[in-house]
There are 2 protein chains.
Amino acid sequence: MKQKRQLAIKEILGQRIIATQEELAQALKKAGFAVTQATLSRDLRELGVGRVSVPEGPRYVLQPENEEQKMRAFLGYEIEGIRANESVVVVKTLPGRAQGVAEIIDNLRHPLVLGTLAGDNTILVTPASVKKIPDVMRVIRSLMSEQARRRPAASS
Amino acid sequence: MKQKRQLAIKEILGQRIIATQEELAQALKKAGFAVTQATLSRDLRELGVGRVSVPEGPRYVLQPENEEQKMRAFLGYEIEGIRANESVVVVKTLPGRAQGVAEIIDNLRHPLVLGTLAGDNTILVTPASVKKIPDVMRVIRSLMSEQARRRPAASS
DNA sequence: CAAAAATGTGAATAATTATGCAAGAAGAAA
DNA sequence: TTTCTTCTTGCATAATTATTCACATTTTTG
């Protein structure tokens, strides 16, 4: 039921203007989904729906999948490998993609990552501490995990 | 002062993660702007800043309203169709719009797209691999997604 | 200049959202 | 089936946001 309800939420938000979760609850009720505001709060979080205020008042909006999210969807393809020595982590990417991937890593603002330096197909990731290198590698790998089930990249 | 403060708000939101208006007030205070939550509520509305909840909790996000997105808003109208054979993807556009649309596709610098060649109303998109053709088509279709949503799909 | 209108703000509070907790449902394991 | 997890959800309430009211300041108008 949850899944269908969340689909219904997207449809409703795409159609009419919803200002509050209570209002959304009303609309859902008419569509055959009776839930409380608490559940909607959770649904909206899971859906990544945003709430923006405009002069006419607040309203919920489907967040347009932003550039970074789209980029992230392809990290699995772009990252060729992750290695490390005693002091830094090195990420190998497809040719010319290092800048883009580094950008995404930077934007994570992960406390364990001090910063990145990107060349053409290589990124140098500086960990907050050399002791955290395994953790940093895990973090970067986790970026690819979503894509793990897709077929491995085969180059032309 | 108000104008400078709102500029500062944008900067802060672009830099770090802000979960609440109180938190934003703190950050602003350090930047030399002492205001209350009430004022920030108004500022955020005027700025059109959004608040989205993610698994880690709520956070404020600058709503993307940039030029490219506006361009993309027209893509749905400009793209007439997307087809492919065993080796290339062909995008049909409105007369004279192929160059413009190809430009946008190029700017994606998507790893799965080697390059484009645009005529008057036809674009030839070369995929990184013929095996990736379905993915490439998906990518291009996703550019139109904003429009696709307006067409309410019948659902279960 | 004086009066009137518009603007900006804080304090208090109304409105709304997020969450801790507990309970029921649906599976998974034995 | 029984037991143990894992999900979902509602209730109550904590946390947060939006708004009303009052007041001060600035801007506009006559």
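Taking the condition of being within 9 Å of DNA strand C (Cβ to nearest atom) and more than 8 Å from chain B (Cβ to nearest Cβ), how many residues in region A:12-42 meet it?
First pass over region A:12-42, keeping only residues within 9 Å of DNA strand C (Cβ to nearest atom): A:18-25, A:36-42.
Adding the requirement that they be more than 8 Å from chain B (Cβ to nearest Cβ) leaves A:18-25, A:36-40, A:42.
The number of residues fulfilling the criteria is 14.
Filter region A:113-133 down to the residues that are open to solvent by 40 Å² or more (accessible area, probe 1.4 Å), at pLDDT below 85 and closer than 14 Å to A:ILE82 by Cβ and list them by number.
If the condition is that a residue be open to solvent by 40 Å² or more (accessible area, probe 1.4 Å), at pLDDT below 85 and closer than 14 Å to A:ILE82 by Cβ, then A:ASN121 is the only one that fits.
Of everything in region A:16-37, what is part of a helix (DSSP H, G or I) and out of contact with any helix residue (DSSP H, G or I) (no Cβ under 9 Å at 6 or more places or on another chain)? Give them in sequence order. Step through it out loud before you land on a result.
Let us first name the residues in region A:16-37 that are part of a helix (DSSP H, G or I), namely A:21-30, A:37.
Hits for region A:16-37 are A:GLU23, A:GLN26, A:LYS29, A:LYS30.
Would you confirm whether any residue within region A:54-67 is within 9 Å of another protein chain (Cβ to nearest Cβ), open to solvent by less than 20 Å² (accessible area, probe 1.4 Å) and modelled with pLDDT of 75 or more? Give the steps one after another, and end with the answer.
First pass over region A:54-67, keeping only residues within 9 Å of another protein chain (Cβ to nearest Cβ): A:54-55, A:57-58, A:61-67.
Add one more test, that the residue is open to solvent by less than 20 Å² (accessible area, probe 1.4 Å), and what stays is A:57.
Remaining after also requiring modelled with pLDDT of 75 or more: A:57.
Looking through region A:54-67, at least one residue is within 9 Å of another protein chain (Cβ to nearest Cβ), open to solvent by less than 20 Å² (accessible area, probe 1.4 Å) and modelled with pLDDT of 75 or more.
Applying the selection to region B:33-53, what residues are open to solvent by 50 Å² or more (accessible area, probe 1.4 Å), under 15 Å from A:SER53 (Cβ atoms) and more than 8 Å from DNA strand D (Cβ to nearest atom)?
B:GLU46
How many residues does region B:9-32 contain that are within 14 Å of DNA strand D (Cβ to nearest atom) and in contact (Cβ under 8 Å) with a residue 12 or more places away in the chain? Walk me through it before giving the result.
If we filter region B:9-32 for residues that are within 14 Å of DNA strand D (Cβ to nearest atom), which is where we start, we get B:9, B:12-13, B:17-28.
Adding the requirement that they be in contact (Cβ under 8 Å) with a residue 12 or more places away in the chain leaves B:9, B:12-13, B:17-22, B:24-25, B:27-28.
The total comes to 13.
So for region A:73-94 (the condition being of a type in the set (Gly, Ala, Ser), at pLDDT 70 or above and surrounded by 13 or more Cβ atoms within 10 Å (Cβ to Cβ)), does at least one residue qualify? Give the steps one after another, and end with the answer.
Initially, region A:73-94 is screened for residues of a type in the set (Gly, Ala, Ser), giving A:73, A:76, A:81, A:84, A:87.
With at pLDDT 70 or above added as a condition, the list becomes A:81, A:84, A:87.
Remaining after also requiring surrounded by 13 or more Cβ atoms within 10 Å (Cβ to Cβ): A:84.
Within region A:73-94 (the criterion being of a type in the set (Gly, Ala, Ser), at pLDDT 70 or above and surrounded by 13 or more Cβ atoms within 10 Å (Cβ to Cβ)), the answer is yes, since at least one residue qualifies.
Report every pair of residues separated by at least 6 positions or lying on different chains whose Cβ atoms are under 6 Å apart, first residue within region A:33-50 and within 16 Å of A:ALA8 (Cβ to Cβ), second hydroxyl-bearing (Ser, Thr, Tyr).
Final answer for the pair search is A:VAL49/A:TYR60.
Can you tell me which residue is nearest to the chain's Cα centre (by Cα) among those in region B:7-28 that are open to solvent by 30 Å² or more (accessible area, probe 1.4 Å) and modelled with pLDDT under 90? Steps first, answer last, please.
Taking region B:7-28 as the starting set, the residues that turn out to be open to solvent by 30 Å² or more (accessible area, probe 1.4 Å) are B:7, B:10-11, B:14-17, B:20-23, B:26.
Those left that are additionally modelled with pLDDT under 90: B:7, B:10-11, B:14-17.
Details: B:LEU7: 21, B:LYS10: 18, B:GLU11: 19, B:GLY14: 16, B:GLN15: 19, B:ARG16: 20, B:ILE17: 19 Å.
Looking at residues that are open to solvent by 30 Å² or more (accessible area, probe 1.4 Å) and modelled with pLDDT under 90, I get B:GLY14.
The values are calculated or read from the model by the stated rules, or taken from the named source; none is laboratory data. The model shown is predicted, which means the values in this text are computed figures rather than measured ones. Heads up, the Cβs are rebuilt from the backbone with ideal geometry, glycines too, and the neighbour counts pull from every protein chain shown. Side chains included, ligands, DNA and RNA excluded: accessible areas come from the protein's heavy atoms. Shrake-Rupley method; radii C 1.70, N 1.55, O 1.52, S 1.80 Å.
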